[in-house]
There are 2 protein chains.
Amino acid sequence: MKSITSPSPVIGIKDVARAAGVAPATVSRALGKGPISDALREQVMEAVRATGYRPNLAARRLRSQESGTIGLMVADIANPFFTGVARAVEHAAFEAGLRVILCDSDRDPAREASYLQLMQAERVTGLIMAPTRATAQRLAGMALDVPTVLIDRAGPPGLFDSVLLDNAEAASSLVDHLVANGHTRITGLFGETSDTGRARAEGYAAAMARHGLSPDARFIPAATPPEQVALAALRDGPPGALLAANSLQLLGALRATREAGLRVPGDLALCGFDNEPWTELVEPGLTVIEQPLEEIGRGAMRLLFDRLRDPEAPVRKVMLSGRRVVRGSTAAR
Amino acid sequence: MKSITSPSPVIGIKDVARAAGVAPATVSRALGKGPISDALREQVMEAVRATGYRPNLAARRLRSQESGTIGLMVADIANPFFTGVARAVEHAAFEAGLRVILCDSDRDPAREASYLQLMQAERVTGLIMAPTRATAQRLAGMALDVPTVLIDRAGPPGLFDSVLLDNAEAASSLVDHLVANGHTRITGLFGETSDTGRARAEGYAAAMARHGLSPDARFIPAATPPEQVALAALRDGPPGALLAANSLQLLGALRATREAGLRVPGDLALCGFDNEPWTELVEPGLTVIEQPLEEIGRGAMRLLFDRLRDPEAPVRKVMLSGRRVVRGSTAAR
DNA sequence: GCGACGAGTGAAAACGTTTCCACTCATCCT
DNA sequence: AGGATGAGTGGAAACGTTTTCACTCGTCGC
């Protein structure tokens with residue numbers, strides 16, 4: 001009860017100008033980068049402090065035609081992969097003096113489309129997005145007039161800058177590791193609806209072929225629990241090793257092994273993607289590919305800035321290598 | 001190479017008006033809620049479709065004086081607690097047709113202050129934030145003129161709407177559970193810098209007193225790894241049980257038990273907060289308090305809307321109960 | 001049948017900035 | 001010494017909407 005409903009005297013640049021005894025234009029220049037004498041600048045700053053002035057960003061954006069905002073659209077903010085990337089993007093944006101609008105598409109193409117409209121209306125400076133497979137394909141014909149960087153998936157070839165894990169290489173590397181440890185019957189578990197899953201499946205298949213082994217790739221349909229598919233694979237005569245294409249699937253696979261009463265790595269070797277804290281803490285620790293989340297986020301921002309600087313530069317696709325973290329779940333038999 | 005650098009003919013409401021053969025005001029009304037005949041509305045909509053018009057939100061906001069945006073400030077977006085809440089907030093906002101600006105304060109009061117300035121400049125409709133302890137205290141004197149809801153911490157009493165877990169009750173409940181399972185020597189691990197940690201410590205102390213047991217609360221300083229404090233506690237003559245105040249500390253505690261060569265629950269019972277997927281998968285599963293993340297996020301939005309509807313309504317503090325999930329780590333001895 | 005009324009529409013003002021333009025001086029060059 | 005130069009400043013236009021205001025009708029009540 002210190003102050004009843006303040007009269008909320010929203011103060012604008014004119015009020016500051018009056019307080020400082022200068023023209024509004026001068027205040028604007030003092031706050032921005034226009035030419036101004038040091039004396040006046042200080043005078044204005046003092047007035048700003050005295051009045052408690054806060055610039056109206058909407059007005060600023062309207063006039064200057066720059067939003068100073070970037071859109072970040074992810075498929076699921078609760079997924080640690082996206083969280084890590086989001087964190088990096090947010091930090092990079094803060095350092096560059098940009099705002100971030102968070103869009104969680106929830107893997108729903110309708111939401112995705114809706115958010116894309118919003119980003120256009122918002123006149124965002126740039127957009128960083130992880131499109132679903134459906135949207136990624138439609139992206140080519142969408143005439144997005146916003147500088148866009150794709151993460152996690154590359155989208156239509158040659159149209160968008162992108163930064164992503166070298167999924168094929170990473171999957172291959174896991175297969176190589178399993179083979180080196182004496183495994184030959186290796187089943188792969190991949191998301192049917194994601195490009196990332198496809199890429200990892202290809203890497204898996206290529207590596208299997210290279211080793212002269214016959215692949216057994218299982219694809220998990222959209223709304224199916226990974227655990228179910230994993231369990232089915234284990235019951236089809238258990239393979240020697242299981243490779244899961246992301247952390248959710250790895251988690252499902254682990255549950256399945258327990259349900260099936262199999263011992264890791266004795267009965268079954270297990271490995272997958274995403275080095276989440278728990279993968280180290282389960283018994284045995286799980287061998288995984290760690291994705292450089294920070295680098296992906298920062299890299300996306302860097303690509304975006306470069307694109308803004310030179311809209312005509314050739315499209316770049318940055319592939320980062322994952323780090324293979326070997327733990328007990330793939331110990332040699 | 002379908003279209004070389006389009007001339008980027010940014011089309012405005014006037015262009016649509018011309019295309020539809022009406023006045024700009026009419027277009028605005030067709031898009032908004034102004035009175036307009038069905039015939040003209042359809043005519044305008046057709047023109048909008050034909051021209052591919054996207055409203056300029058900056059202009060709209062400037063004129064209408066509503067940002068349609070809410071700010072969400074969290075201490076660390078990589079923390080699953082905040083991620084879960086953020087997800088709920090984002091979804092609620094989407095349904096209400098609002099944008100979300102994501103601010104990750106990184107537990108840095110300076111960043112927090114900077115972001116608060118930004119929110120004011122942005123003229124956000126409302127703000128949902130999890131302040132650090134430092135900022136929470138300063139909040140009283142800050143003259144935030146934005147409707148604000150606090151989450152995770154309550155802040156200065158009676159000033160802000162808030163929604164949070166009933167931390168004391170939850171901690172008590174864990175103690176009760178441990179006692180019921182025959183434990184008497186129970187050590188608590190709490191974050192020194194967080195209000196949440198304090199509240200949980202109080203609940204712990206109260207419950208211990210109620211059972212006539214002597215408490216042993218350890219506080220983890222700001223930059224110290226929880227594992228280190230946990231290890232120290234274990235070496236001071238191992239207690240019968242360890243209670244950790246959040247998931248990071250629980251993780252540290254688990255690592256410490258392994259390093260100390262203690263078996264759970266044989267040598268030491270273990271429990272804590274946050275029902276993350278991995279707490280079920282480690283051997284044995286960990287007993288935890290599950291926080292209703294979705295409810296916290298949705299609840300914060302609801303409080304915010306209510307506050308916007310009636311700025312004079314009394315301040316509300318919503319306390320939600322956690323759900324105790326009992327697993328093997330606290331099995332009776 | 002006539003005045004009041006209300007719904008629907010267009011013209012123009014307004015929102016709070018930045019930026020263009022014109023202007024004033026002090027300074028520099030020859 | 002005199003004109004050109006350029007930095008610093010103020011006035012006013014401009015950004016793209018929404019909203020106010022005035023106006024035109026068709027309709028209703030009497």
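Pick out the one residue from A:18, A:29 that is open to solvent by 20 Å² or more (accessible area, probe 1.4 Å) and within 10 Å of DNA strand C (Cβ to nearest atom). Sole residue among the options that is open to solvent by 20 Å² or more (accessible area, probe 1.4 Å) and within 10 Å of DNA strand C (Cβ to nearest atom): A:29.
Residue count for region A:253-303, restricted to those that are of a type in the set (Lys, Arg) and buried (at least 22 other Cβ atoms within 10 Å of the Cβ): 0. All of A:63, A:54 fail the test of being closer than 28 Å to residue A:90 by Cα and away from DNA strand D (no atom under 11 Å from the Cβ), apart from A:54. Residue count for region B:104-119 satisfying the condition of being facing chain A (nearest Cβ under 9 Å) and under 21 Å from residue A:84 (Cα atoms): 4.
Quick one: would you say residue A:119 is among the aliphatic types (A, V, I, L, M) and surrounded by 16 or more Cβ atoms within 10 Å (Cβ to Cβ)? Taking the combined requirement at face value, the residue satisfies it. Taken over region A:34-55, residues that are open to solvent by less than 40 Å² (accessible area, probe 1.4 Å) and within 8 Å of chain B (Cβ to nearest Cβ) amount to 1.
Okay, residues lined up against (1) part of a loop (DSSP other than H, G, I, E, B); (2) under 18 Å from residue B:282 (Cβ atoms); (3) modelled with pLDDT of 95 or more:
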| residue | (1), (2), (3) |
| --- | --- |
| A:280 | no, yes, no |
| A:297 | no, no, yes |
| A:306 | no, no, yes |
| A:311 | yes, no, no |
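Residues in region B:64-82 that are more than 9 Å from chain A (Cβ to nearest Cβ) and within 16 Å of DNA strand C (Cβ to nearest atom) were compared, and the one that is surrounded by the most Cβ atoms within 10 Å (Cβ to Cβ) is B:68.
None of A:90, A:122 is among the acidic types (Asp, Glu), within 11 Å of chain B (Cβ to nearest Cβ) and closer than 24 Å to residue B:65 by Cα except A:122.
Among the residues of this structure, residue A:159 counts as one that is of a type in the set (A, V, I, L, M), modelled with pLDDT under 95, farther than 23 Å from residue B:102 by Cα and open to solvent by 50 Å² or more (accessible area, probe 1.4 Å).
The values are calculated or read from the model by the stated rules, or taken from the named source; none is laboratory data. Fair warning: this is a prediction, and the values are worked out from it, not measured in the lab. Cβ sites come from the backbone with ideal geometry, for glycine too, and all protein chains shown count toward neighbours. Ligands, DNA and RNA are excluded from the accessible area calculation, which covers all protein heavy atoms including side chains. Shrake-Rupley method; radii C 1.70, N 1.55, O 1.52, S 1.80 Å.
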